Amino acid sequence: MSDKRTEIAELGEFGLIDKIQANARVRSATTLKAIGDDAAVIKNDNSRLTLLSSDMLLEGVHFDLSYVPLHHLGYKSVAANVSDIAAMNGVPKQILVNVGLSNRFSVEAVEALYQGINAACESYNIDLVGGDTTSSASGLVLSVTIYGEVDEEKVAYRSGASKNQILCVSGDLGGALIGLQVLEREKEVFLTNPEMEPQLDDYQYIVQRQLKPEARMDIVHELAELQVVPTAMIDVSDGLASEIFHLCKHSEAGVRIYEDKLPIDKQTYDTAVEFKLDPITSVLNGGEDYELLFTISQDDFAKLEKHPDIHFIGEVLSKDDGASIVTKGGNSVPLQAQGWKHFNV
Ligand code: ADP
Ligand code: MG
């Protein structure tokens with residue numbers, strides 16, 4: 001290590017990962033994909049590939065326990081990992097869970113956390129097979145590692161998109177971000193006046209999008225039933241625009257999306273307006289929706305055309321075309337990504 005000091009904020013999360021990746025040599029021929037996709041891909045002796053992915057959640061950075069119940073946190077930590085397996089078009093099988101606990105946490109609190117973890121294992125049909133438990137000097141630390149599998153011919157990397165293919169996204173976007181605004185507001189209200197009951201009735205859908213997101217394994221299974229293999233796929237954890245840039249970078253392609261095709265729920269839209277936020281910016285830059293963004297060949301369009309929860313938001317272009325969005329007014333403007341930045345850049 002040299003004496004030079006560079007602030008992490010200068011590089012940002014993705015720049016830092018690029019640096020780690022540049023210095024990590026792949027030694028084993030069975031490592032088909034190391035750092036850089038939603039999950040690592042490892043070849044076995046048979047035609048099933050192994051998928052591995054890991055995510056860490058820190059109190060005060062990723063969650064605030066003043067409005068996140070521990071069982072929801074447990075559920076979400078598993079769902080976020082399942083989502084990375086879904087993004088490879090794979091099926092999750094087992095998880096390892098590591099927890100760091102400060103002495104603020106009781107046995108009952110840990111039980112509540114694991115109630116959520118176990119509920120997620122039940123709904124995604126996976127097994128909790130181990131982990132590690134340690135004390136922590138700074139609140140709750142939670143890390144989940146997931147193992148999944150995918151058929152060799154079905155694996156969907158970020159790198160497979162090519163010109164003229166169709167860009168699709170599942171579900172609706174921006175809800176988790178706007179749900180977070182509601183929870184933050186209620187926290188402020190509570191801090192100024194603890195007698196006030198939280199007013200969440202009108203915001204149930206978006207609060208649930210924030211507190212209890214689901215990984216879209218249903219979409220993975222439906223694509224399999226319809227015999228559609230996405231040419232590229234990524235999950236929307238950092239915001240649509242940021243994920244589009246990842247797809248473009250890894251696929252060496254450009255993309256054009258259409259504002260009027262972006263899926264947004266009415267409650268997300270109305271609440272964004274209430275918070276004086278631009279609904280489309282929330283759709284493009286809101287994190288934690290855990291929907292799937294993928295590309296399909298034109299030939300597969302007819303198979304998905306009538307699917308109620310898959311939206312065709314744009315098309316893949318050449319790399320030189322870059323990434324752009326066509327506004328409702330018909331203007332084409334370059335796409336901007338903010339993403340979720342934990343390093344305050
Ligand atoms: P996602 O949002 O899909 O979880 P990330 O942006 O966190 O993906 O990570 C992108 C890639 O970088 C993944 O392949 C991940 O495994 C890898 N990665 C992230 N952090 C590290 C690290 N500290 N060391 C090695 N690889 C990392
Ligand atoms: Mg991912």
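The values are calculated or read from the model by the stated rules, or taken from the named source; none is laboratory data. Computed from a predicted model, the values in this text were never measured in an experiment. Reconstructed Cβ throughout: ideal geometry from the backbone, glycine too, with neighbour counts over all protein chains shown.
Taking the stated definitions as given, is Glu222 of a type in the set (Asp, Glu), more than 22 Å from the chain's Cα centre (by Cα) and farther than 20 Å from Ala80 by Cβ?
Judged against the criteria, Glu222 is not a match.
When only residues in segment 9-20 that are within 15 Å of ligand 1 (Cβ to nearest atom) and within 17 Å of Asp238 (Cβ to Cβ) count, which is surrounded by the most Cβ atoms within 10 Å (Cβ to Cβ)?
Among residues in segment 9-20 that are within 15 Å of ligand 1 (Cβ to nearest atom) and within 17 Å of Asp238 (Cβ to Cβ), the one surrounded by the most Cβ atoms within 10 Å (Cβ to Cβ) is Phe14.
Which one of the conditions (1) closer than 21 Å to Asp321 by Cα; (2) at pLDDT below 95 does Ala241 fail to meet, given that it meets all the rest?
Failed condition: (2).
Restricting to segment 167-195, give me the number of residues that are aliphatic (A, V, I, L, M) and assigned to a loop (DSSP other than H, G, I, E, B). Give the steps one after another, and end with the answer.
If we filter segment 167-195 for residues that are aliphatic (A, V, I, L, M), which is where we start, we get 167, 169, 173, 176-178, 180, 182-183, 189, 191.
Checking which are assigned to a loop (DSSP other than H, G, I, E, B) leaves us with 173.
Here the count works out to 1.
Taking segment 241-291, which residues are out of contact with any Leu (no Cβ under 8 Å at 6 or more places or on another chain), acidic (Asp, Glu) and on the phi > 0 side of the Ramachandran plot?
Passing the criteria: only Glu252.
Can you name the number of the only condition in (1) within 17 Å of the chain's Cα centre (by Cα); (2) within 16 Å of ligand 2 (Cβ to nearest atom) that Tyr75 fails?
(2)
When the residues of segment 25-40 are filtered to those that are of a type in the set (A, V, I, L, M) and either without any contact (Cβ under 8 Å) to a residue 24 or more places away in the chain or more than 8 Å from ligand 1 (Cβ to nearest atom) (or both), which remaining residue is surrounded by the fewest Cβ atoms within 10 Å (Cβ to Cβ)? Before the answer, list the steps.
Initial filter on segment 25-40 (of a type in the set (A, V, I, L, M)): 26, 29, 32, 34-35, 39-40.
Among the residues that remain, those that are also either without any contact (Cβ under 8 Å) to a residue 24 or more places away in the chain or more than 8 Å from ligand 1 (Cβ to nearest atom) (or both) are: 26, 29, 32, 34-35, 40.
Working: Val26: 12, Ala29: 7, Leu32: 17, Ala34: 15, Ile35: 12, Ala40: 20.
Of everything passing the filter in segment 25-40, Ala29 is surrounded by the fewest Cβ atoms within 10 Å (Cβ to Cβ).
Say we look at segment 289-340 and pick out the residues that are modelled with pLDDT under 95 and surrounded by 15 or more Cβ atoms within 10 Å (Cβ to Cβ); which of these is farthest from the chain's Cα centre (by Cα)?
So the residue we want is Leu335.
It is to be established whether one or more residues within segment 104-125 are in contact (Cβ under 8 Å) with a residue 40 or more places away in the chain, within 16 Å of ligand 2 (Cβ to nearest atom) and not assigned by TED's automatic domain parsing to the domain that holds Asp238.
yes
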